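Colleague: Okay, handing you the structure first.
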Amino acid sequence: MATNKTFTMIKPDAVAAGNIGGITKMIEEAGFRITAMKMTKLSSERAGQFYAVHKERPFYGELCQYMSSGHIVAMILEKENAVADFRKLIGATDPSKAEAGTIRAIYAKSIEANAIHGSDSDENAEIEGSFFFAGTEKY
Ligand code: RTP
Ligand code: MG
């Protein structure tokens, strides 16, 4: 059954470019409610744990390096049909293929430095939210 929560992370390229405000504005205007929010940094090891599903992929090493290159902003979001609606709002992984008006079409720099993450299932939204937020931080 679909839940109403998803997890997102504004990636280092977008934080460094000063786009936290622009991106969170788009998220809120699309009807998502931010219920937990944290600015932090990932070590390369923790970035590797977060993206462990990609550990056999050729881009894994670079991805870990990139994701630990600067601050990120982690958020838990609520909305009906949150996971699917949020993936639609962020657009395709490769910004050159992302639909106009999506967050990646507007803010991503490349297929790797693509501004934002969005969970791909309800199960992963729960796992990823718990990766960053303790139970008492998730209201
Ligand atoms: P995400 O998990 O970050 O929301 O992105 P996604 O589902 O759209 O894409 P995924 O296939 O899960 O890839 C995770 C992240 O790895 C980087 N990537 N680099 N160099 C490359 O070919 C490549 N492909 C993927 C991106 O940062 C991508 O978002
Ligand atoms: Mg993914």
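FYI, it's all coordinate maths here, none of it is from the lab. Quick caveat, the model's predicted, so the values are computed rather than measured. All Cβ positions, even for glycine, are placed from backbone atoms using ideal geometry, and neighbour counts span all protein chains on display.
Colleague: Given H placed 1.01 Å from N in the peptide plane, which residues other than close sequence neighbours of A98 have an amide H under 5 Å from its amide H?
Modeller: A92
Colleague: So for the pair A30, S130, with labels modelled 7 Å out along Cα→Cβ, what separation do we get in nm?
Modeller: With each label point 7 Å from Cα toward Cβ, the separation is 2.5 nm.
Colleague: For H71, H117, what's the fewest-to-most ordering of other Cβ within 10 Å of each Cβ?
Modeller: Working: H71 14, H117 19.
With the fewest neighbours first, H71, H117 line up as H71, H117.
Colleague: So, one more: Please identify every one of the trypsin sites (Lys or Arg not before Pro) in the stretch 1-72 that sits in a loop by DSSP and has no more than 15 other beta carbons within 10 Å of its own beta carbon.
Modeller: Values: sites: K5, K25, R33, K38, K41, R46, K55; in loops: K55.
Within the stretch 1-72, the qualifying trypsin sites (Lys or Arg not before Pro) (loop, at most 15 other Cβ atoms within 10 Å) are K55.
Colleague: Next question, about the same structure. Just rank T35, T93, fewest to most, by other beta-carbon atoms within 10 angstrom. Don't jump to the answer; show the numbers that get you there.
Modeller: Numbers: T35 15, T93 12.
Sorted ascending by nearby Cβ count, the order is T93, T35.
Colleague: Could I have the simple spin-label model distance between T40 and V53, label points 7 Å from Cα toward Cβ, reported in nm to one decimal?
Modeller: Between T40 and V53, the simple spin-label model gives 2.0 nm.
Colleague: Let me ask you something else. Which residue fluctuates most in the GNM of the chain (Cα springs below 10 Å): Y107, Y51, Y66?
Modeller: Y51
Colleague: Against the 2.2 N^0.38 Å scaling, with N counting residues, where does the stretch 1-85 land? I'd like the Cα-based Rg ratio to two decimal places.
Modeller: Details: Rg = 13.9 Å, N = 85, 2.2 N^0.38 = 11.9 Å.
Ratio of Cα Rg to 2.2 N^0.38 Å: 1.17.
Colleague: Pick out, in residue order, every one of the GluC sites (Glu not before Pro) in the stretch 23-61 that is DSSP loop and has at most 14 other C-beta atoms within 10 Å; say none if there are none.
Modeller: Values: sites: E28, E29, E45, E56; in loops: E56.
Sites meeting the loop and neighbour criteria: E56.
Colleague: Right, here's the next one. Starting from 0.36 nm per residue, how many nanometres of slack lie between S121 and R87 once their C-alpha separation is accounted for?
Modeller: Details: separation 34, 0.36 × 34 = 12.24 nm, distance 0.99 nm.
My answer for the length gained is 11.3 nm.
Colleague: On to the next question. Would you mind calculating the relative contact order of the chain from Cα pairs under 8 angstrom and at least 6 residues apart, reporting the percent as a whole number? Don't jump to the answer; show the numbers that get you there.
Modeller: Details: 247 pairs, mean separation 53.0, N = 139.
After rounding, I find 38 percent.
Colleague: Also: If amide hydrogens are placed 1.01 Å from N in the peptide plane, which non-local residues have theirs closer than 5 Å to the one on I116?
Modeller: Counting only residues 5 or more places away or on other chains, the set is K11.
Colleague: Further, regarding this structure: Take A17 and S96, extend 7 Å from each Cα along the Cα→Cβ direction, and tell me the distance between the two endpoints in nm.
Modeller: Once both label points are built, they end up 1.6 nm from each other.
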